[in-house]
Structure formats: C-alpha cells, structure tokens
Amino acid sequence: MSSEEHPLHNKWTLWYLQYSPTRSWEESLSEVSNMDTVEKFWATFNHLQGPSKLGWGSDYYLFKEGIKPMWEDESNVKGGRWLVYIDKEKRDQQLDKNWLELLMAVVGEQFEEHGQEICGAVVNIRRKGDKITLWTRDALKDDVNLRIGQIFKQKLEIPDAEVMRYEVHKDSSSKRSSTVKPRIVLPQQ
Ligand code: MGP
C-alpha cells in the first residue's frame, strides 16, 4: 500500500464463477483479486465487466478475505442471505447500478455497528432472473439481520412495499423444490 492510498476497514476478495457443464460448482469458482484500499477497490471495479455483460450462469462474489464464498465455509455455515430479484424489464437500468451500490455499502462499512456480521455480496446472472444477495454470518440473529436488510433495501432504493426475503443457507443447500421458506420477510407484517 502506498502512503497516498486509503485503507479499507476490511480486506476483500473478488471471485468469479463461470458456468461450465463439465466442472463441479467449486471448480468453476476462481479468485480474481484482493483489495485492501479504496484505490484497489476502484481499480478492480473499473477493470471488470459489469454483471450485465456476463454470460448466463456466471456469478461475482465479493467476500471478506479468508471467507470462501460458499455455504460450507465456517463463516457461512450458520448464516443466510438477503435476496433481491432484478426485474427482467428493468435489468438494463438496475443490475449494474444495484451491484455497485451494494459493493460500495459493503466495503464502505455502511451497516452501522453490524459490519462484522456481513460475509459478502453476490450477483447471480440467470436467464430466469438475476439475483443480488448479501450474505450474513448468523441466520439466528433476527434483529441484526432485519436491520441489515433494511439498510440494504434503502441503499438499493427498493420501494418499501417490494418484498425482500432472508433465507437460511442450510435451507437453500438442502432444498428439494425451487423455493425456500424465508426466515425474515420485508416489509414486516
Ligand atoms: P445458485 O447458483 O446459488 O442459484 O445455486 P441458481 O443457479 O439460481 O439456482 P437455484 O437452485 O437457486 O434456482 C445453483 C447450484 O450451485 C446449487 O444447487 C449448488 O449445486 C451449487 N452451489 C451454489 N452455491 C452457493 C453453493 C455453495 O455454496 N456450495 C456448494 N457446494 N454448491 C453451491
């Protein structure tokens, strides 16, 4: 780090998953770069293709250094995720913008005193509808996760009435149907 650079509170790793029918999920995942300063974050970000330019089945993951972006990592195994579906009609206006908003909130430690509960952020590029998700460490901390979800919703300027779900990773990893019963739903009833 040069003396002019501005350190981030945490160190982050960017991962990329390129879908392949012949490799396992984990083999398809690769580390792209590490960043510990604001300048390295922007250098990485400016160099990358936006999520809207990626092929179907691809993902980006930005996780704290040392946390693998998978359910099995010890920091994720008891965790869960807030899930935002990108409306197909609004993909062009929202996907890249929302992803950048989330990244800035995460590396900029915008989650009040709950920053240590954040593991990372994900964008999944899917023909059936893209998803942006925010992974937290402990799915049982409802109050903390609720607050994190409210901030996430504000940062992405998602209308209050729009539904957002928090899902437990254990439920996603053991699911048999395509839907998982959420642990928290916003707006609350
Ligand atoms: P996905 O990429 O999270 O969602 O999981 P997608 O493609 O929208 O599918 P859907 O089932 O949510 O509708 C797709 C598949 O990737 C999973 O069924 C797993 O096989 C694999 N996978 C995804 N994740 C996040 C993990 C993980 O953390 N660990 C392992 N082992 N496999 C994973």
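Overview of values
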{"read-out": "Positive-end residue of THR22, HIS6, PHE41, charge dipole of the chain with Cβ unit charges", "value": "THR22"}
{"read-out": "HN-Hα J in Hz across region 136-141 - Karplus 6.51, -1.76, 1.60, θ = phi - 60°, x for Gly and Pro", "value": "10, 6, 10, 5, 8, 7"}
{"read-out": "Stokes-Einstein diffusion coefficient of region 84-189, Kirkwood radius over Cα pairs, 20 °C, 1.002 mPa s, in µm²/s", "value": "149"}
{"read-out": "Helical contribution to [θ] at 222 nm, DSSP H n ≥ 4, -39,500 (n - 2.57), averaged over the chain, rounded to 500", "value": "-7500 deg cm²/dmol"}
{"read-out": "The chain: equivalent-ellipsoid semi-axes (sqrt of 5 x gyration tensor eigenvalues, Cα, Å)", "value": "23, 20, 18"}
{"read-out": "For the chain: accessible area per residue (Å², 1.4 Å)", "value": "55"}
{"read-out": "Sorted peptide list for 51-57, 158-164, 143-149, criterion being average Cβ within 10 angstrom, highest first", "value": "143-149, 51-57, 158-164"}
{"read-out": "Long-range HN-HN contacts of LYS11 with modeled amide H, under 5 Å", "value": "GLU65"}
{"read-out": "Helix runs (DSSP H) in the chain reaching 15 Å along axis by Cα, Kyte-Doolittle at least -1.0", "value": "91-107, 142-155"}
{"read-out": "Region 17-75 - percent of accessible surface contributed by carbon and sulfur, probe 1.4 Å", "value": "52"}
{"read-out": "Check: region 7-186 dipole with +1 on Lys, Arg Cβ and -1 on Asp, Glu Cβ, in debye", "value": "700"}
{"read-out": "Amide H within-cut-off set for GLY79, under 5 Å, with H built and near neighbours excluded", "value": "ALA139, HIS169"}
{"read-out": "Share of carbon and sulfur in the accessible heavy-atom surface of region 85-153 [1.4 Å probe, %]", "value": "46"}
{"read-out": "Built amide H within the under 5 Å cut-off of VAL32, gap 5+", "value": "LEU14, TRP15, TYR16"}
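The values are calculated or read from the model by the stated rules, or taken from the named source; none is laboratory data. None of the values given here were measured: they were computed from a predicted structure. So basically every Cβ, Gly included, is an ideal-geometry build from the backbone, and we count neighbours across all protein chains shown. Note: areas computed on protein heavy atoms with side chains; ligands, DNA, RNA excluded. Shrake-Rupley method; radii C 1.70, N 1.55, O 1.52, S 1.80 Å.
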